[in-house]
Each structure stands twice: as C-alpha cells, then as structure tokens.
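The values are calculated or read from the model by the stated rules, or taken from the named source; none is laboratory data. On a predicted model such as this, the values are computed, not experimentally measured, just so you know. We place every Cβ from the backbone using ideal geometry, glycine too, and count neighbours over all the protein chains shown. Ligands, DNA and RNA are excluded from the accessible area calculation, which covers all protein heavy atoms including side chains. Shrake-Rupley method; radii C 1.70, N 1.55, O 1.52, S 1.80 Å.
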Amino acid sequence: MVTEEAANRESAAGLWCQSSLKHLFSERETFRLARVLCAAMVAVSCFVMGCGSNQEFPSRPLTLICPWSAGGGTDRIARQVAVQLEEELGVPVNVVNATGGGGVTGHSRGALASPDGYTLTLATVELNMLHHRGLSAIGPDDYQPLGLLNRDPAALFVHKRSDWQSLADVEAALAERAEPMNASGTAAGGIWHAALIGWVAQCGLPSESVNWISINGAAPSLQELMAGGIDLVCCSIPEARAMLDAGEIRCLGLMADERSPAAPDVPTFREQGDDWSLSSWRGLLCPRGVPPERVEVLEAAVDRLSRSPKFAEFMDSGGFQTSIADASEFTEFLSRSDRQFAETLGSPAFVQSQTAVVRPYFFPICLGILGLIFVVPACRSQAAVATEPSAESDVRSWSRWLRPVVVILAVIAFVAACETIGYVLATAALMWLLAIVFGATRRQTVGVTLLAAPLLYQLFARTLGVPLPWGWLGW
C-alpha cells in the first residue's frame, strides 16, 4: 500500500511538473510572439513615417536660429520671417536665440545642425568675419544659401554741434590731429569697426589716427557720442534713426553704392570722392547636405516671403533696407563679401588696430593659473600623505629644478597653440600638465582637466562675451 501510494504521488507530481512546464513554455512563447509583433509594428510604422516624410516636406516644426539677442534688429526680422514661413510651409517655425561669442554660437549651431532641412539660420555679416578673425572655423562654405533679405550700409555720425560737415573735414582732422580721434559703434573687431578702419586705410591715413572704443552696440555708442566721450560713431542708419530724426546727430556719409531710401538726403562716400563701401547683411541659410528637393521647397518659400508686400511693409516700418536676392545671387554675394573681408580684416591697418598687450584670452589665462596656484598645491599636499619619505624626497629634488621650467614652457605653449587648437583644448592640456607637475592624484588631475576648462570657457565666452578661439573643436 505504501509503495502504491508513493507511486501515485510521484505520478501526480510528474503530471503537475509537466503541466507547469507546458504552462511556462506557453507563457514564454506568448511573450516572444508579442515581442516579435511589437517589433514588426514599430518597423512598419517607422517605414511608413519615413516614406511619408520623404514624400511630404516639411511634416514637423522648423527651428529658426537667431545668433543675436531677443529684441534686437536681427531678432525682430527673425520673428517676422518665422510668422511668414509658417504661412508658406504650413508648419510651426520656432525662433531660437543662440547668442554668445559675438555671433560664434548661433552661426556654428546652425551650420552643424542635422542637414534635414528642419533647421534654418538667419545669418548676419559676422558669418563672413568670424573665420577671418580666427574665432571660429565656420564660414559661408558650411551653409547652403536660401535667400538674402537685408543690407544695411555703414554710416558715419557726429554730434550736431560738431564742426565737421563732410568726410573731407574728418579726413583733414585725422591727418592734422596729434592725438587719435575716439570712435565707436560696436565691440572691437565688429562690422562697424572694420568699416571705419577700412575707410581710414583707404584714405591713406595711419590706423593710429583712430582710437576705437569697444562698446557693446550702436545705442550705447550714440549715447557716449552725445555725452562727449567719443568723436565719431560708425553704425547703420536704422540703428541711429531716432537720434537722426530728432536732430541730435548728423550723418556725414553712407558707405554704399547708392543713397538709402531710409535717408535720401545723406550722400554716399563715393559721391564725396571716397571709393569705399561696406554693409551688414541678413539672410536665410540651411546646413550643407540638405537633400536637393527639400532645398527647393525652402528656396521657393523664402523667395515668396521676401518679395511679399507684407514683408516689405514690415521692413519699411522698421527702417531696414530691403535687399532681396535669390539663392544663386546670395551665393555669389557671400563669396564677394568673404573676399572683401579677408582683405579688410587681414590688412595691416586692421591687424594693427587689433594688436594689444592683453589678448582676448589673457584674463582666462590669469584665472586658470591663479586657480592652479591655490588648488593644485592643496591636492599635492593630500597626495603627499600617501607618499613614502624617500619618494617624497625624490619628488622635491626633481621639482626644485624642473618644475619652474615646465610651468614656463607650458604657459608659452598654451599661448602659442591657443589660436590654433582652441581655448578649451589648450586650457585642458595646460591644466592636465600642471596638475601632474604639482603632484595631484589621477582623480584630481582628471577632475580639474574636465571641469575647469569648459567652465572657464562658459564664464568668459558666454557670460562675459570675451571672443575666445575655438580651433579644432569648431562648435
């Protein structure tokens, strides 16, 4: 009886195990089948969506990058363009103000965006200038032009009580004065600085005859002109419109081929015998590599937008000088402008005007070195605790003679390489080397290298607006 009962129990247990295994196997098979079906559905959906996106463009919102701050002239035009592009393309267009680095951030972000046609950039004249100044590797060749919208020539302004009535008066004053004449209109190295220095050089006058005061924008420069702090302001007529209409300032000439409808009474430089012209510009571009069929859609939309009465009315009311050119004409214009700026920014007059004992990255160097002086020795003292006496003695003996030499050579190499490889990489290499020389641990060396360099770049380039070279990174 016991044997039979045990056999029945084993038989029941076997049946239960078999049933459980079948149930488990069934659940696994069901789960596998569900996964296969889900994967198939996702693949089919992606395929269908991909086919749809190829057949219909655009099918989602676009991003329009503005390299300058909200509220400025470029931002105002960007938001008008976004509104009209939405009407033309039937999808939302979002304006993103990517500011910093004197236009470097926005123009680089637009050029390096995914070439799918969903990111456009309202580029400005700085696109022709940044790579010639060594601030970025980005240039016109990194973009596919869609259309030119606006050109604002540079103009020369003086106070209403000034004795200068024409360009000839200013030229004579520049040639006769023993001290340089103070001028401004934007930050050093900007478009208006290049315009004035180029004219001074074209007149055969030394660049030392003008002392350019770096002021962030035309509006504060005009205020300084009214206060008597500077003698000349070089900027566009729309930027000076309010004071010009109020009679507080006088415009001596326009750096253009013909007079501006915004100021028909102002003569051009060429009318006064100076063959010189230079303008800022704004235009729409997309990254290189966008599929040709999508570029055609964007070009057509930009062309309709720029030639519409609505856009013309907006530009007239804002005092902007409309200058319409299609994609091919815009491409030729960019090439001409790039050659002109290569000559102007590379001229001895402009290079000399930009030469100074304190370079743009002088203050970041000082801050980085000061940080190493105070932080790295503390790291070294902690590392020395785990060092045996003999090893510590060897380190002190070695560092007594070699450490100062390595520090000096490292700083010299940093200054020499910063323009080429970029501030971030050069700073990281400098801090890595100095941290090792001062005896920091591996973890501390890695931490200082990875954190300090980008943080210093953010502080000076993004927050304080110091133009730091990007070099190999190019972002």
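Out of 92, 180, 140, report the one residue that is within 24 Å of residue 422 (Cβ to Cβ), open to solvent by 10 Å² or more (accessible area, probe 1.4 Å) and over 12 Å from the mean Cα position of the chain (by Cα).
Just one listed residue meets the conditions, 140.
May I ask you to list pairs of residues, at least six apart or on different chains, whose Cβ atoms are under 8 Å apart, with the first in the stretch 401-418 being within 10 Å of residue 429 (Cα to Cα) and part of a helix (DSSP H, G or I) and the second being among the β-branched types (Val, Ile, Thr) and open to solvent by less than 50 Å² (accessible area, probe 1.4 Å)?
Once the first residue is within 10 Å of residue 429 (Cα to Cα) and part of a helix (DSSP H, G or I) and sits in the stretch 401-418, its partners that are among the β-branched types (Val, Ile, Thr) and open to solvent by less than 50 Å² (accessible area, probe 1.4 Å) give 410/437; 414/365; 414/427.
Specify the residue that is surrounded by the most Cβ atoms within 10 Å (Cβ to Cβ); the eligible residues are those in the stretch 227-269 that are acidic (Asp, Glu) and either more than 13 Å from residue 158 (Cβ to Cβ) or free of Cβ contacts under 8 Å to residues at least 24 places away in the same chain (or both). Lay out the reasoning, then the answer.
Applying the first criterion (acidic (Asp, Glu)) to the stretch 227-269 yields 231, 239, 245, 248, 257-258, 265.
Retained after the next criterion (residues that are either more than 13 Å from residue 158 (Cβ to Cβ) or free of Cβ contacts under 8 Å to residues at least 24 places away in the same chain (or both)): 239, 245, 257-258, 265.
Working: 239: 25, 245: 11, 257: 11, 258: 11, 265: 7.
Looking at the filtered set, the residue picked out is 239.
If you go through the stretch 315-334, how many residues are open to solvent by 40 Å² or more (accessible area, probe 1.4 Å) and touching a helix residue (DSSP H, G or I) at 6+ places or on another chain (Cβ under 9 Å)? I'd like the intermediate steps shown before the answer.
Restricting attention to the stretch 315-334, the residues satisfying the condition of being open to solvent by 40 Å² or more (accessible area, probe 1.4 Å) are 316-317, 321-322, 324, 326, 328-329, 331-332.
Filter once more, so that each one left must be touching a helix residue (DSSP H, G or I) at 6+ places or on another chain (Cβ under 9 Å): 321-322, 324, 326, 331.
Going through the stretch 315-334 one residue at a time, the tally reaches 5.
Wholly within the stretch 154-260, which helices (runs of 4 or more DSSP H) include no fewer than the required count, namely at least 2 residues that are aromatic (Phe, Trp, Tyr)? Walk me through how you get there before you give the answer.
Values: elements: 167-176, 191-202, 218-227, 237-245.
Helices (runs of 4 or more DSSP H) meeting the threshold: 191-202.
Within the stretch 414-434, which residues are modelled with pLDDT under 80, surrounded by 22 or more Cβ atoms within 10 Å (Cβ to Cβ) and either small (Gly, Ala, Ser) or over 28 Å from the mean Cα position of the chain (by Cα) (or both)?
422, 434, listed by residue number.
Applying the selection to the stretch 306-320, what residues are part of a helix (DSSP H, G or I) and more than 26 Å from the chain's Cα centre (by Cα)? Break it down stepwise before answering.
First pass over the stretch 306-320, keeping only residues part of a helix (DSSP H, G or I): 306, 309-318.
If the condition is that a residue be part of a helix (DSSP H, G or I) and more than 26 Å from the chain's Cα centre (by Cα), then 309, 310, 311, 312, 313, 314, 316, 317 are the ones that fit.
If residue 285 satisfies every condition in (1) modelled with pLDDT under 95; (2) touching a Pro at 6+ places or on another chain (Cβ under 6 Å) but one, which is the exception?
(1)
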